[in-house]
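Asker: Have a look at the structure that comes next, please.
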Amino acid sequence: MEAISISSLTAFQWSVMLGCGVLIGMSKAGLKGFGLMVVPILASTFGGRPSVGILLPLLIFADMIAVSWYNRHTEWKYVRNLLPWAFVGILVGVWVGGKISDEIFIRIIAGIVIFGIILMVWQDIRKKAEIPDFWWFSMILGLMVGFISMLSNAAGPAMALYFLSMRLPKNQFIGTAAWFIFIVNLTKVPFHVFVWKTITWQSLLFDVTIIPAIAIGAILGIWLVRLFPERAYRIFVIASTLVAALLLL
C-alpha cells in the first residue's frame, strides 16, 4: 500500500474524508445504508486498495460508539447464529484476495443485494407471517457478510437483509447488528495488517484525524433515530440500503 502523507492531501480529499466520517458515525448510530455510501466515495478518491485500509479502523472506532450506546438492546441469539459462518466467509475472502476484479465483484454484490431487497419488500406487501429462521438462511447470509466485508467493507446491505428478515424492532436491530459487525471487523484486522498490508502506521495516523467527524455523525445519528417510528424506520433502512447498493453499480 502506498504510504499516505497527510501534508500532501488536497482540500477536496480532506472534505471527502470528513464527510465520510460523519456518514460512518450516522450509520453506526442506526442509520444503516449511509455507511455503505462511503465505500465507493473513498475508492474513487484514494483508490480501491488504499481505501480499504483507511476505512476499516474508522469503522471499528464507530463500532465502539455503537455497541456502547445500544449494548442493552443486543439479541445475542442472532449474533451467535451468524458469527461462525461469517468467520468462514472472512477466510474465503482472504484467500480470494485480489484474484477477482474489485469492480466486477462489487457490481455482482450490488445486484444480489438489490434482488434481496425486492424479495423483502414483496414479503412485506404479502404480509407473510413466516420468518426464515433456519440454519441454512443464517449460513448463507453469514458467509456472504464475512466474504463481502473482508473484500470491500461493504457488507451492510447483506447484514441488514438478515436482521430485517428476523423482524427485530428498531433498537434491537441496531444493537444486534452493532455487536455482530464489531466482532467481524476486529477479526479482519490481522489479515489487513499482516497478509494484505492495507493497514499501516501512515493510514492509522490519517484515521485519527477523522475521529471527531465520526463522533459528530454518531451523535447526529442517535438523535435522528429517535424521530423514526418502527415502520417508518424499516422503510428508511430498506430505501437507504437500496440507494447505497445502486451507488456500488
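Asker: Just one of the numbered conditions (1) at pLDDT 75 or above; (2) crowded, with 17+ Cβ neighbours inside 10 Å is not true of G116; which one?
Answerer: It fails just one condition, (1).
Asker: Now for a different question. Of the conditions (1) of a type outside the set (A, V, I, L, M, F, W, C); (2) over 26 Å from F87 (Cβ atoms); (3) without any contact (Cβ under 8 Å) to a residue 60 or more places away in the chain, P190 fails just one. Which one is it?
Answerer: Status for P190: all satisfied but (2).
Asker: From the list A29, A86, which residue is more than 21 Å from V189 (Cα to Cα) and in contact (Cβ under 8 Å) with a residue 40 or more places away in the chain?
Answerer: Values: A86 fails: more than 21 Å from V189 (Cα to Cα).
That would be A29, the only listed residue that is more than 21 Å from V189 (Cα to Cα) and in contact (Cβ under 8 Å) with a residue 40 or more places away in the chain.
Asker: Just for segment 51-77: of the residues that are more than 17 Å from the chain's Cα centre (by Cα) and assigned to a helix (DSSP H, G or I), which one is surrounded by the most Cβ atoms within 10 Å (Cβ to Cβ)?
Answerer: W69
Asker: Only one of K170, K197, K188 is farther than 23 Å from T74 by Cα and among the basic types (K, R); which?
Answerer: Selected residue: K197, the only one of K170, K197, K188 that is farther than 23 Å from T74 by Cα and among the basic types (K, R).
Asker: What is the residue count in segment 35-54 for residues that are on the phi > 0 side of the Ramachandran plot and either of a type in the set (A, V, I, L, M) or in contact with a Leu (Cβ under 7 Å, 6 or more places away or on another chain) (or both)?
Answerer: Of the residues in segment 35-54, 0 are on the phi > 0 side of the Ramachandran plot and either of a type in the set (A, V, I, L, M) or in contact with a Leu (Cβ under 7 Å, 6 or more places away or on another chain) (or both).
The values are calculated or read from the model by the stated rules, or taken from the named source; none is laboratory data. Computed from a predicted structure; not experimentally measured. All Cβ positions, glycine included, derive from the backbone under ideal geometry; neighbour counts span all protein chains shown.
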